[in-house]
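This is the structure, below, for whatever I ask next.
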Amino acid sequence: MSVNTAMYAGISGLFANGETMSVIGNNISNVNTVGFKGGRTIFSDMLSTNTNNGQVGSGVQVQEVQNNFAQGSFENTTSDTDLAIQGDGFFAVQSPNGTGRFYTRSGAFTFDNNNDLVNADGYKVLGYGITNGSANGGLGPISLNGYTTEAPVSTTNITVSANLDSNNTPPAATWDPTLAGFNPNTASNFSATSTVYDQLGNAKSLTLYFANTGANSWSVYTYDGTTYSAAGSGTPVTFNANGTMASVNGVAGGTTFTVNGIKVDLAGTTQFTGSSVVNSMTNDGYPAGSLTKVSVDQQGYVNGIYSNGQQQRIARVALATFDSVDGLEKVGGTLFGATSSSGNALIGTADMQRNKILSDQLEMSNVDMSEQLVNMITTQRAYTANSKTITSADQMTQDTLNLIR
């Protein structure tokens, strides 16, 4: 009886080590698979038989094949939509037909012909929509639809910070556009030009002409590409004795005036000795633009960058965590499915503490080739040893039979 038990124990060892070799082979074959998580076999002994002298084991069985969720190394890429997670979590993806949700660490994503962010198998990457610049809690596929163009914004504010030379005197020519041969440059001391946009995104130039009108006093005239300020309609600007601004348009401490519906703010403008110069000039308008690039920051915000220099948030990548990642089930394609052992997915976003998202990078397989080769040798030796157990038990059986002859 004990000889047969030894034979069956050896057979169980062959089966168990054969399963282990399959796991090792799968690990090695996926050593270059992005986001792959290696596995390992956990053995347990089989039910023992009680004898007068104790218990005799019945062999070995594969109790479980565990996934190893250790962080893999990162590889730099040249694609802005290649993403990696540093820390905990999984990307949440939805099957192309929208019927299933799965989870992966493989972030090799691209935008398909429907403008959806997908993996190589067409599974749609899930994220949150954006309202007023922040995630709005609406989970769905990340799409560029509705974000391929940027509408123009008309200019409503211009901010100019300049220095006007205190040594300037009133210009020789009079500001009067009705005069024959009128030249705004001879009727002013200094000018500054800004590009402004109307509600359709048409660009125009708005030029401010500064004309000295006496000690510590100036007038500002404008030209919008079509019409000059009329004679006597300049906006008065005064300065204190120390060169700081005193008033604009007669308002003490004021810094603004309005032209063609655009508020011009001269805050920071001074009257010091030295060349007249514009220190800074900004405005809040811009023309229409088309989407030229998509980037993803460490918080997972998907940002659209447009040809007009503007940038806006399109979505925020969702990350899933689980009570027990060991309970996740491999479903192929570097995807995992939730089970009762893993618990339901807890969907959130990168919190910059437990996890963050890296763009232009991919998490590679966490399989250590040298470790797997050592395991392969050990498993092969164990398989050979178990086969020896069977041949030895067979020889003992044969010897027993030979006693009868």
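Just wondering, is there one or more residues in segment 269-279 that are at pLDDT 95 or above and under 39 Å from the mean Cα position of the chain (by Cα)?
Scanning segment 269-279, I find at least one residue that is at pLDDT 95 or above and under 39 Å from the mean Cα position of the chain (by Cα), so the answer is yes.
Condition (residue is closer than 30 Å to residue 89 by Cα and at pLDDT 85 or above) applied to segment 3-20: is it met by at least one residue? Even if it seems obvious, please write down each step before you answer.
Pass one, segment 3-20, residues closer than 30 Å to residue 89 by Cα: 19-20.
Restricting the remaining residues to those that are at pLDDT 85 or above gives 19-20.
Yes: one or more hits.
Take the conditions out of contact with any helix residue (DSSP H, G or I) (no Cβ under 8 Å at 6 or more places or on another chain), crowded, with 16+ Cβ neighbours inside 10 Å, assigned to a strand (DSSP E or B) and not hydroxyl-bearing (Ser, Thr, Tyr) and apply them to residue 42. Does it pass? Talk me through it step by step, then tell me what you get.
Values: out of contact with any helix residue (DSSP H, G or I) (no Cβ under 8 Å at 6 or more places or on another chain): yes; crowded, with 16+ Cβ neighbours inside 10 Å: no; assigned to a strand (DSSP E or B): yes; not hydroxyl-bearing (Ser, Thr, Tyr): yes.
No.
Would you confirm, using the coordinates I've provided, whether residue 377 is over 19 Å from residue 69 (Cβ atoms), in contact with a strand residue (DSSP E or B) (Cβ under 6 Å, 6 or more places away or on another chain) and among the aliphatic types (A, V, I, L, M)?
Working: over 19 Å from residue 69 (Cβ atoms): yes; in contact with a strand residue (DSSP E or B) (Cβ under 6 Å, 6 or more places away or on another chain): no; among the aliphatic types (A, V, I, L, M): yes.
Judged against the criteria, residue 377 is not a match.
Determine whether segment 304-316 contains at least one residue that is surrounded by fewer than 18 Cβ atoms within 10 Å (Cβ to Cβ), over 25 Å from the mean Cα position of the chain (by Cα) and either modelled with pLDDT under 95 or in a strand (DSSP E or B) (or both).
Scanning segment 304-316 turns up no residue that is surrounded by fewer than 18 Cβ atoms within 10 Å (Cβ to Cβ), over 25 Å from the mean Cα position of the chain (by Cα) and either modelled with pLDDT under 95 or in a strand (DSSP E or B) (or both).
Can you tell me which residue within segment 280-303, out of those that are among the polar types (S, T, N, Q) and within 23 Å of residue 134 (Cα to Cα), is farthest from the chain's Cα centre (by Cα)?
Just the residues of segment 280-303 that are among the polar types (S, T, N, Q), to begin with: 280, 282-283, 290, 292, 295, 298-299, 303.
Imposing the further condition that a residue be within 23 Å of residue 134 (Cα to Cα) reduces the set to 290, 292, 295, 298-299, 303.
Numbers: 290: 20, 292: 16, 295: 6, 298: 6, 299: 6, 303: 8 Å.
That would be 290.
For segment 193-221, what are the residues that are more than 30 Å from residue 289 (Cα to Cα) and part of a strand (DSSP E or B)?
Within segment 193-221, the first condition is being more than 30 Å from residue 289 (Cα to Cα), and the residues that meet it are 209-221.
Result: 209, 210, 211, 212, 213, 214, 217, 218, 219, 220, 221.
Go through 328, 335, 346 for me and flag whichever is of a type in the set (A, V, I, L, M, F, W, C) and exposed (fewer than 14 other Cβ atoms within 10 Å of the Cβ).
Sole residue among the options that is of a type in the set (A, V, I, L, M, F, W, C) and exposed (fewer than 14 other Cβ atoms within 10 Å of the Cβ): 346.
For residues in segment 203-218 being within 22 Å of residue 282 (Cα to Cα) and surrounded by fewer than 20 Cβ atoms within 10 Å (Cβ to Cβ), which is farthest from the chain's Cα centre (by Cα)?
207
Moving to a separate point now. On the basis of being buried (at least 17 other Cβ atoms within 10 Å of the Cβ), within 30 Å of residue 159 (Cβ to Cβ) and not assigned by TED's automatic domain parsing to the domain that holds residue 162, does residue 357 make the cut? Write out each step before concluding.
Values: buried (at least 17 other Cβ atoms within 10 Å of the Cβ): yes; within 30 Å of residue 159 (Cβ to Cβ): no; not assigned by TED's automatic domain parsing to the domain that holds residue 162: yes.
Criteria not met by residue 357.
Given the criterion over 23 Å from residue 297 (Cα atoms) and either among the basic types (Lys, Arg) or touching a residue at least 40 places away in the same chain (Cβ under 8 Å) (or both), identify the matching residue among 98, 129, 57.
Numbers: 98 fails: either among the basic types (Lys, Arg) or touching a residue at least 40 places away in the same chain (Cβ under 8 Å) (or both); 129 fails: over 23 Å from residue 297 (Cα atoms).
Only one candidate qualifies: 57.
Looking at this structure, is residue 228 touching a Leu at 6+ places or on another chain (Cβ under 9 Å), surrounded by 12 or more Cβ atoms within 10 Å (Cβ to Cβ) and over 30 Å from residue 318 (Cα atoms)?
No; evaluated as a whole, the condition is false for this residue.
Next question. Can you tell me which residue in segment 132-183 is surrounded by the fewest Cβ atoms within 10 Å (Cβ to Cβ), limited to those that are among the aliphatic types (A, V, I, L, M) and without any contact (Cβ under 8 Å) to a residue 60 or more places away in the chain?
So, considering only residues that are among the aliphatic types (A, V, I, L, M) and without any contact (Cβ under 8 Å) to a residue 60 or more places away in the chain, the one surrounded by the fewest Cβ atoms within 10 Å (Cβ to Cβ) is 180.
Within segment 373-389, does at least one residue satisfy the condition of being farther than 24 Å from residue 59 by Cβ and not assigned by TED's automatic domain parsing to the domain that holds residue 129? Steps first, please.
Start the filter on segment 373-389 by keeping residues that are farther than 24 Å from residue 59 by Cβ, which leaves 373-374.
Now narrow it down to the ones that are not assigned by TED's automatic domain parsing to the domain that holds residue 129: 373-374.
Checking segment 373-389: at least one residue is farther than 24 Å from residue 59 by Cβ and not assigned by TED's automatic domain parsing to the domain that holds residue 129.
Just checking, which of 149, 104 is touching a Ser or Thr at 6+ places or on another chain (Cβ under 8 Å), farther than 17 Å from residue 291 by Cβ and of a type in the set (Val, Ile, Thr)? Even if it seems obvious, please write down each step before you answer.
On the way: 149 fails: farther than 17 Å from residue 291 by Cβ.
None of the others qualify; the one that does is 104.
Could we say that residue 286 is in contact with a Lys or Arg (Cβ under 7 Å, 6 or more places away or on another chain), more than 30 Å from residue 182 (Cβ to Cβ) and crowded, with 18+ Cβ neighbours inside 10 Å here?
No: the conditions fail for residue 286.
From the list 372, 298, which residue is touching a residue at least 40 places away in the same chain (Cβ under 8 Å) and more than 19 Å from residue 36 (Cβ to Cβ)?
Working: 372 fails: more than 19 Å from residue 36 (Cβ to Cβ).
Only one candidate qualifies: 298.
The values are calculated or read from the model by the stated rules, or taken from the named source; none is laboratory data. Keep in mind that this is a model prediction, so the values were computed, not measured. No Cβ is skipped: glycine too gets one built from the backbone with ideal geometry, and neighbour counts run over all protein chains shown.
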